[in-house]
Amino acid sequence: MVKLFNFWYLFFIVLGAGIIVGLYYMLRNKKYITKKIVLFSLLFFNLALHFLKLTFPPYSENPSHAMREIWFINLCATSVLFFPFLFLSKNKTAKDYMFYIGVVSGFLALLYPTEALGKSVLTLDLWRFYICHIIIIAVPLLTVMLGLHRLDVKRIYKVPFCLMAVLLFIICNQVLQSELGIIALRDGDIFNINWHNPSLIWGPTDDVAVLFSWLTPDFMKVIPFGEFAGQEKFWPFFWMVPGVFFYFLLEPLILCLIFDFKNTVSTFKNGYHYVINLFKKKKDAE
């Protein structure tokens, strides 16, 4: 059984690291096309596995649960859906999103594996969970490490916008689920934020959410209109926006410094000299 910091918890983290290292050494001297085929195959397998889970417990034993979970209602599930297409795209921003979001979301899922905690290691769904999240980390990481994509700190400002678009996609999924009868319609309690809220879009529901909520402006914590105006309630989606900008500008910057240190430092130096020259020109003009 997986519990925080027990043997199996550490085993799967070490296994994930071992798979990434093994794939790197296996592919580092291979041709470009070989690297691309292998990494895309992993992403395609992950997408197929997302639907194949319907064939084994607990999904095969509970159709309503299966229909609820097969949709793309959290960040890692959307990564499973989008990553094969982003990987084939020639768009650099798309591959940036893969790297910055895949690495951090997959890593956090292994660090705090809510779906795996309390499950036996003999459970097929537990292995699916770990395979899925290891691939979410491994492929974007190897895409950069193997030279299939190059990071550029000048593009990191786009990452929060991409993430917010994905969060809106998740909201649409959840609204469609409710309208199609897959999950219960929101009841009459407007303050109930535990309405199928795996991505915290509807509001903070656990201790981890404080990482975002401390950045939320006070006016986004109260209802602005109607009969409940002034009462405490976080604005759905919008409450996360300040945190998304803070963390997903900081995290890409840190990763750029790790994986592209020379060019990142050079970009900042050039920017610094550019600003200094502007001030000099303005002073000279006066």
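The values are calculated or read from the model by the stated rules, or taken from the named source; none is laboratory data. Being a predicted model, the structure only gives us computed values, none of them experimental. Neighbour counts run over all protein chains shown; Cβ positions are idealised from the backbone, glycine included. Note: accessible area is taken over every heavy atom of the protein model, side chains too, but ligands, DNA and RNA are not part of it. Shrake-Rupley method; radii C 1.70, N 1.55, O 1.52, S 1.80 Å.
Quick look at the numbers
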{"read-out": "Selection from the stretch 62-94 of residues that are surrounded by fewer than 15 Cβ atoms within 10 Å (Cβ to Cβ) and among the small types (Gly, Ala, Ser)", "value": "Ser64, Ser89"}
{"read-out": "Helices (runs of 4 or more DSSP H) completely within the stretch 82-190 that count 1 or more residues being under 22 Å from Thr34 (Cα atoms), out of contact with any Gly (no Cβ under 9 Å at 6 or more places or on another chain) and hydrophobic (A, V, I, L, M, F, W, C)", "value": "92-111, 124-145"}
{"read-out": "Failed item in (1) touching a Pro at 6+ places or on another chain (Cβ under 9 Å); (2) open to solvent by 10 Å² or more (accessible area, probe 1.4 Å); (3) at pLDDT below 95, with Cys172 passing the rest", "value": "(1)"}
{"read-out": "Cβ-Cβ under 8 Å pairs, at least 6 apart or on other chains, the stretch 199-217 side under 15 Å from Leu108 (Cβ atoms) and open to solvent by less than 30 Å² (accessible area, probe 1.4 Å), far side part of a loop (DSSP other than H, G, I, E, B) and of a type in the set (S, T, N, Q)", "value": "Ser199/Asn74"}
{"read-out": "Test: Val2 is in a loop (DSSP other than H, G, I, E, B) and open to solvent by less than 60 Å² (accessible area, probe 1.4 Å)", "value": "yes"}
{"read-out": "Which listed residue is part of a helix (DSSP H, G or I) and of a type in the set (Phe, Trp, Tyr), from Phe248, Phe234", "value": "Phe248"}
{"read-out": "Residue under evaluation Ala184, criteria (1) of a type in the set (A, V, I, L, M); (2) under 28 Å from Leu42 (Cβ atoms); (3) open to solvent by 60 Å² or more (accessible area, probe 1.4 Å), criterion not met", "value": "(2)"}
{"read-out": "Count of residues meeting criterion [open to solvent by less than 100 Å² (accessible area, probe 1.4 Å), over 17 Å from Ile137 (Cα atoms) and among the charged types (D, E, K, R)] in the stretch 27-41", "value": "0"}
{"read-out": "Those residues of the stretch 38-61 which are touching a helix residue (DSSP H, G or I) at 6+ places or on another chain (Cβ under 9 Å) and part of a loop (DSSP other than H, G, I, E, B), in sequence order", "value": "Phe56, Pro57, Pro58, Tyr59, Ser60"}
{"read-out": "Condition met for Met67 (over 23 Å from the mean Cα position of the chain (by Cα) and not in a loop (DSSP other than H, G, I, E, B))", "value": "no"}
{"read-out": "The stretch 225-259, subset acidic (Asp, Glu) and modelled with pLDDT under 95, residue most open to solvent (accessible area, probe 1.4 Å)", "value": "Glu227"}
{"read-out": "Total residues in the stretch 51-61, condition of a type outside the set (Lys, Arg) and crowded, with 18+ Cβ neighbours inside 10 Å", "value": "1"}
